[in-house]
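S.K.: Got a structure for you, questions after.
Values in this text are rule-based calculations from the coordinates and carry no lab data. This structure is a prediction, so every number in the text was calculated from the model and none was measured. Here the Cβ positions follow ideal geometry from the backbone for every residue, glycine too, while neighbour counts run over all protein chains shown.
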Amino acid sequence: MAEPSELIGSWRAPVWFRVLFCGAAALLAGASLVIGLGGEPKRVGMMLALVLLAGFLALFALRPGIDLTHEDVLVRGHLFGRRIPLAELAAVELSRAGLVFWYGERGVKEAPLVGEQNLLGGGPTSEERAEAARAAILVARDIHLRDHGLAAPADPRDTDERLGKRFREGGFSRFEPWSDD
């Protein structure tokens, strides 16, 4: 098995977000201990529910992230992750929920919470962090392509039929009142 490539960069949800959600998880875990002290079945059930909710909150805040190496980018969502080879990475764009990675012919993977728009308005500038992460990932991709003599993959966002074809093939219906379809 080949050794993993050296880590170039790593991005996570903003610190304030991780602290807030992990603090809430700790409060719920503490509350579950207080509730479960009686040992009654009803209290034990509530205790387990609070522990599960606390675990979900911690997972929600700590799991999402992006790890960039010389060969690929690992994009982790709340539950699932995907390792995208830099040679297949077509585009990276900013969205309201985080960075969106376009790879292969029509693959899309979102990194939630990494660079999402800040609802506080005057709070931390997550858009600047997201733009810096996007630029670093695209520079690493371009260096990788140059070093291996590969051409950049076509940007799937350039085709007008991209989403319509994807939804028709997948059996989904899509309602766009402003389109001519």
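S.K.: When the expected Rg is taken as 2.2 N^0.38 Å, what fraction or multiple of it is the alpha-carbon Rg of the stretch 47-87?
M.R.: Values: Rg = 14.1 Å, N = 41, 2.2 N^0.38 = 9.0 Å.
Dividing the Cα radius of gyration by 2.2 N^0.38 Å gives 1.56.
S.K.: Report the dimensions of the stretch 8-62 along its three principal axes from the alpha-carbon atoms, largest first, rounded to Å.
M.R.: 51, 15, 12 Å, listed from the longest principal axis down.
S.K.: While we're on this one: The stretch 1-97: which GluC sites (Glu not before Pro) are DSSP loop and have at most 13 other beta-carbon atoms within 10 angstrom?
M.R.: Numbers: sites: Glu6, Glu71, Glu88, Glu93; in loops: Glu6, Glu71, Glu88.
Taking the stretch 1-97 and a limit of 13 other Cβ atoms within 10 Å, the loop GluC sites (Glu not before Pro) found are Glu6.
S.K.: Can I ask one more? Say each of Leu33 and Glu105 gets a label point 7 Å from the Cα, pointing the same way as Cα to Cβ; how far apart are those two points in nm?
M.R.: Result: 5.5 nm between the two label points.
S.K.: Under a Cβ-Cβ cut-off of 12 Å, what is the net charge of the residues other than Glu88 that fall near it, where Lys and Arg count +1 and Asp and Glu count -1?
M.R.: Working: positive: Arg82, Arg83, Arg106, Lys109, Arg141; negative: Glu71, Asp72, Glu105.
Summing Lys and Arg as +1 and Asp and Glu as -1 gives +2.
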